[in-house]
Amino acid sequence: MGGSQPAQIYLPPPSQKSNVLLEEAIAKRRSVRDFTPESISQSQLSQILWAAQGISDTRGEYRTVPSAGATYPLEIFVVCGRNGVEGIDNGVYPYNIDSHSLTLHYEGDVRLELARAALDQEFIYEAPVDIIICAVYERTAGVYGGRAERYVHMEVGHAGQNIYLQATALGLATVAIGAFYDEQVREVLRLDEEYKPLYIMPVGRPASIRSR
Ligand SMILES: Cc1cc2nc3c(=O)[nH]c(=O)nc-3n(C[C@H](O)[C@H](O)[C@H](O)COP(=O)(O)O)c2cc1C
């Protein structure tokens, strides 16, 4: 820790323009499991988080990902490895959607522990950053009862695909990981019981493409 990092890290505003066509990003999207250790920039992280769950209307009511009844059950956490993001200390950070910022939940590089909780999928600690998408099911169940579970699972797919496409458009890459022990992931991230992890998505610069 440098000790100079502010308590709240406001990310650069996301760009809504790109030289990469949507069709190109869709065509190029691939699950990547080999990352260089190179850090990503705050602008790149900003873009990825915005695509995952950022605000996309002027009144701040709606987001980049659709949500059943706009109940917004998803919460995004960033596991930042040592030198994972330029100018951001290693640690676990919740993404504050309204202010497009991060606050430190706790300090330390937990990528190895996270990989252990996910059947030792080594690319989780090789990538500079891991994005974890969690759900608070009660938010959607409060409105939709027994249909909430399927709605939440559909929604995490929307968020995951946005992360894939945004990473591709930035020249970065990711892989959606669903194989992990829920409780172990929750413990590594020190999350309250109501947060259920659904996807771990390592993000970084692709070293090569290995299929699975
Ligand atoms: C729900 C879900 C869970 C997945 N879990 C894992 C996983 O735990 N580990 C992994 O390496 N890839 C995982 N994947 C990625 C798939 O293996 C990958 O999408 C598939 O091989 C097709 O390759 P493509 O994404 O490059 O088109 C998962 C994908 C989905 C949709």
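Quick look at the numbers
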{"read-out": "Total charge dipole magnitude, the chain, about the Cα centre, Cβ charges on Lys, Arg, Asp, Glu only, Debye to nearest 20", "value": "660 debye"}
{"read-out": "In Hz, Karplus ³J(HN,Hα) per residue of the stretch 172-184 (6.51, -1.76, 1.60; θ = phi - 60°; x = Gly, Pro)", "value": "9, 8, 7, 8, 7, 10, x, 8, 6, 8, 3, 5, 5"}
{"read-out": "Calculated P(r) tail over 11 Å for the stretch 1-44, as whole % of Cα pairs", "value": "81 percent"}
{"read-out": "Amide hydrogen neighbours beyond the local backbone of Leu198, cut-off 5 Å, H modeled", "value": "Ile133, Cys134, Ala135"}
{"read-out": "Estimated vicinal HN-Hα couplings, Hz - the stretch 193-201 in sequence order (Karplus 6.51, -1.76, 1.60; Gly, Pro = x)", "value": "3, 5, 8, 10, x, 10, 9, 10, 10"}
{"read-out": "Mean-position separation - Cα centroids, the stretch 67-124 and the stretch 6-57, in angstrom", "value": "14 Å"}
{"read-out": "Accessible-area order (highest first, 1.4 angstrom probe) of the listed residues Arg63, Arg150", "value": "Arg150, Arg63"}
{"read-out": "Considering only the chain, percent of DSSP beta bridges that pair antiparallel, nearest 5", "value": "95 percent"}
{"read-out": "Overall form of the stretch 1-106 per C-alpha gyration tensor (a/c, 1.5; a/b vs b/c)", "value": "oblate"}
{"read-out": "Relative packing of 173-183, 99-109, which averages over residues the other C-beta atoms within 10 Å, highest first", "value": "173-183, 99-109"}
{"read-out": "Convex hull volume of the chain per residue (C-alpha atoms, cubic angstrom)", "value": "122 Å³"}
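The values are calculated or read from the model by the stated rules, or taken from the named source; none is laboratory data. Predicted, not measured: the structure shown is a model, and the values here were computed from it. Note that we place each Cβ from the backbone using ideal geometry, even for glycine, and neighbour counts take in every protein chain shown. What goes into the accessible areas is simple: the full protein's heavy atoms, side chains included, and nothing from ligands, DNA or RNA. Shrake-Rupley method; radii C 1.70, N 1.55, O 1.52, S 1.80 Å.
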